[in-house]
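The values are calculated or read from the model by the stated rules, or taken from the named source; none is laboratory data. Given the structure is predicted, the values throughout are model-derived calculations rather than measurements. In this analysis, Cβ positions are derived from the backbone assuming ideal geometry, glycine residues included, and neighbour counts consider all displayed protein chains.
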Amino acid sequence: MTDLTASIRTIPDYPKPGILFRDITTLLGDARAFRRAVDELVHPWAGSKIDKVAGIEARGFILGGAIAHQLSSGFVPIRKKGKLPHETVSVAYSLEYGVDEMEVHRDAIKPGEKVILVDDLIATGGTAEGAVKLLKQIGADVVAACFVIDLPDLHGADKIRALGVPVRTLVAFSGH
C-alpha cells in the first residue's frame, strides 16, 4: 500500500517565510501514489451518475481529469479570469493577500447536473468556496468537494461544508 503522506514533499518557507508548502508534484510523479489518490477520491462515487468533474486551475485539472475519466464524466475547467475563450460567468474570491477572480464557461454545466469539485489542497477555503458558489450560480448540483490534502487548522473544509457540500480529503497536515 502506498503511503500518500510520504509521497507529498514539504518545502519550508515557500512562498514566504513560515509557510510549509505541501507539494503534490512528487505524488503525481509516483505512479502508484497518483493512482491510489485518484482511486480513493473516486471511490465514494463509483457506480453513481456524476455528470461533470470541475477542476480548479491548475493541479485540479490533473486530478479532475483523471477522476472524470474514471467516472465516465465530463470535465469542466475553472480558470483564472481572462483565460477562457467563450462566454463566461465569474466570481471574486478571497486569498490570503487579497481578492482574485475565477471563471467558468456559461454553458459548461446544465442546470441540475451533478458535479464534483476537485483540487489538490484545501487551506483557508477561499478558492474552493468561490468555485462552489460559481458552480451553483450556473445551476450545478455540487455533490462533493474533493482534495488530496487538508490543512485543518485553517478551517477551509468547514467553509465548504457550511455551503452544504460534503468534503472528502485523503491526507491532513497540522499547521501551515
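Brief remarks follow.
- Criterion violated by residue 157 - all others in (1) in contact with a helix residue (DSSP H, G or I) (Cβ under 6 Å, 6 or more places away or on another chain); (2) at pLDDT 95 or above; (3) small (Gly, Ala, Ser) satisfied: (1)
- Candidate set from segment 117-140 (those that are under 25 Å from residue 88 (Cα atoms) and part of a loop (DSSP other than H, G, I, E, B)); member that is nearest to the chain's Cα centre (by Cα): 125
- Answer residue from segment 49-68, given it is assigned to a loop (DSSP other than H, G, I, E, B) and either touching a strand residue (DSSP E or B) at 6+ places or on another chain (Cβ under 8 Å) or touching a residue at least 24 places away in the same chain (Cβ under 8 Å) (or both) and is farthest from residue 134 (Cα to Cα) among those: 49
- Residue 143 being within 29 Å of residue 171 (Cβ to Cβ), of a type outside the set (Phe, Trp, Tyr), assigned to a strand (DSSP E or B) and free of Cβ contacts under 8 Å to residues at least 12 places away in the same chain: no
- Residues satisfying the stated conditions in segment 104-116, i.e. outside any strand (DSSP E or B) and either within 22 Å of residue 48 (Cβ to Cβ) or of a type in the set (Asp, Glu) (or both): 107, 108, 109, 110, 111, 112, 113
- Residue, nearest to residue 37 (Cα to Cα), within segment 53-108, restricted to residues that are in contact with a Phe, Trp or Tyr (Cβ under 7 Å, 6 or more places away or on another chain) and crowded, with 17+ Cβ neighbours inside 10 Å: 64
- Pairs with Cβ under 6 Å, 6+ apart, first in segment 95-117 and under 26 Å from residue 45 (Cα atoms), second assigned to a loop (DSSP other than H, G, I, E, B) and charged (D, E, K, R): 103/81; 106/87; 113/51; 114/51
- Segment 12-24 - residue that is under 18 Å from residue 153 (Cβ atoms) and in a strand (DSSP E or B) and, of those, farthest from the chain's Cα centre (by Cα): 12
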